[in-house]
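Undergrad: One structure coming up, written as structure tokens, with questions to follow.
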Amino acid sequence: MSQKRKNTDYLDDLFDKHFNDKDFMNTNLADFGQMVRDTINEEARKQGYDTMSDLISGEIQEGLSGSRTRKRPVSAAVHRRHGRYRTRYEYVREMLENVVYPPRQRGYYRDGHQDALQRYLRRMAINQNDMMMYEKIVDEEIRKYYQQNSRQRSNKYDEGYYDGLKLVARALKQSRDLMMEEISDRLAAALKVY
């Protein structure tokens, strides 16, 4: 099946459904137009965009760049403030609250991604002093989630949730590395004094 055919299947299904419906003759043009727009926007969300106009814009940008590489959400550089972080939780929270999504990673993908981030931010807010525990919990959830959903890659929500878990794991690791570096710097400075 060609890609072009695959991208229009949802429209064919919509038209087949409504042309076989006896009440379709009573549908006015505005209602039918809204039905088509809703169907198209729902399909765009399934493909990772907010609306069809985002999908078209994203496809044009990919076509112009000649690249079909998958861009993942990234933390904005905002989280790398110049001051010191007092706790690992501060670093993780700031990193996860400043995620920027490329156009293709919106819609259901973003919903799943945000659900994973928010779930762990809420958990970490309760116990901010035990980030090692959360590293173990997130690693275990990533492992289980991958095993359960490894065959099902067409679902954008699950794909976003899995990527969100991996971002939480990366934030926890980076916060640990940052704190270890800061401790090392303090020890080195203290040793220079003596």
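Undergrad: Please tell me which of these pairs span more than 21 angstrom C-alpha to C-alpha: K144/K173; K136/K173; K46/K136?
TA: Numbers: K144/K173 19 Å; K136/K173 11 Å; K46/K136 31 Å.
Result: K46/K136 exceed 21 Å.
Undergrad: Continuing with the same structure: Considering only DSSP states other than H, G, I, E and B, which trypsin sites (Lys or Arg not before Pro) in the range 105-189 qualify as loop sites with at most 11 other Cβ atoms within 10 Å?
TA: Values: sites: R106, R110, R119, R122, R123, K136, R143, K144, R151, R153, K156, K166, R170, K173, R176, R186; in loops: R106, R151, R153.
Answer in residue order: R151, R153.
No value in this document is a laboratory result; all are computed from the given coordinates. Everything numeric here is computed off the predicted structure, so don't read it as measured data. Using ideal geometry, Cβ is built from the backbone for each residue, glycine included, and neighbour counts are taken over all protein chains shown.
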